[in-house]
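Take a look at the structure below.
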């Protein structure tokens, strides 16, 4: 899942880079008054405005459709609060980077500098454990390029057979039809931060794990497997859910139709739970076995 990456935390797009509509623009486009929009924001936190230093509100183009969605649901007899909650759940998360989002939302996660060979072992262990024990997981894998995905394609075909949904990201895919039994392919635009990021995310009711990393710069002369990455990994279901939301949002932005329903599924924050020691031990054992194998 890994390849060369630049430092992404400093180059990630601003969270509201696409917020260009004034509240008057939004009112005209949706048929609501500015007073109603302000009331909705005050009472329900929706639509979410980006505030300029001057205090003026700015909205994204996506907010026009979301407000329209609320109005259609309300006119169909759904309570306003419910319609707003449903629409808010489908809004694409602002962060386009799994690594940056985990660093922002979970600062207590420890960042490790690891060789690429170790990261491959970690990712294989997470994939294997997820395939073995997770009940219908939601899976995401970031590969940067189709060439880096190709060696992992057989593994991900197997993973997609046991998954409720499986999506993989790369900068460009060959002009071939997607495999019926394989994961959905998401194309990353040239300026997408995920093109510089490797990740594997497994979100399920009974098993959660996430690994994401970026490569330290200035290693062009270092052999591929010896390159050093800064990585985060966790089995905390809340952190994994945050990572899954970002991945689903990136997939939705890339035009993956299956990603929008996933935003509904991933909208709620899972209740924190104590991960069973047996599950952590099993994952750890897989990691040790792969690290030992790749080290020879």
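The values are calculated or read from the model by the stated rules, or taken from the named source; none is laboratory data. Source: prediction; values computed, not measured. Here the Cβ positions follow ideal geometry from the backbone for every residue, glycine too, while neighbour counts run over all protein chains shown.
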Exercise for the section: Residue by residue through region 128-187, note down the ones that are crowded, with 19+ Cβ neighbours inside 10 Å and on the phi > 0 side of the Ramachandran plot. Expected result: 144
Completion exercise
residue 56: passes all of (1) more than 28 Å from residue 255 (Cβ to Cβ); (2) surrounded by 15 or more Cβ atoms within 10 Å (Cβ to Cβ) but (2)
Problem - Residue among 245, 225, 195 that alone is assigned to a helix (DSSP H, G or I), more than 19 Å from the chain's Cα centre (by Cα) and closer than 24 Å to residue 110 by Cα - result: 225
Problem - Flag for residue 256 being touching a strand residue (DSSP E or B) at 6+ places or on another chain (Cβ under 6 Å), surrounded by fewer than 23 Cβ atoms within 10 Å (Cβ to Cβ), touching a residue at least 60 places away in the same chain (Cβ under 8 Å) and in the same structural domain as residue 111 (by TED's automatic domain parsing) - result: yes
Practice task
For region 110-123, state whether one or more residues are assigned to a loop (DSSP other than H, G, I, E, B) and within 22 Å of residue 236 (Cα to Cα).
Solution key: yes
Handout entry: Residue, farthest from residue 228 (Cα to Cα), within region 128-155, restricted to residues that are assigned to a helix (DSSP H, G or I) and touching a strand residue (DSSP E or B) at 6+ places or on another chain (Cβ under 6 Å)
Key = 130
Practice task
Check region 171-184 and report whether any residue there is in contact (Cβ under 8 Å) with a residue 60 or more places away in the chain and in the same structural domain as residue 244 (by TED's automatic domain parsing).
Solution key: yes
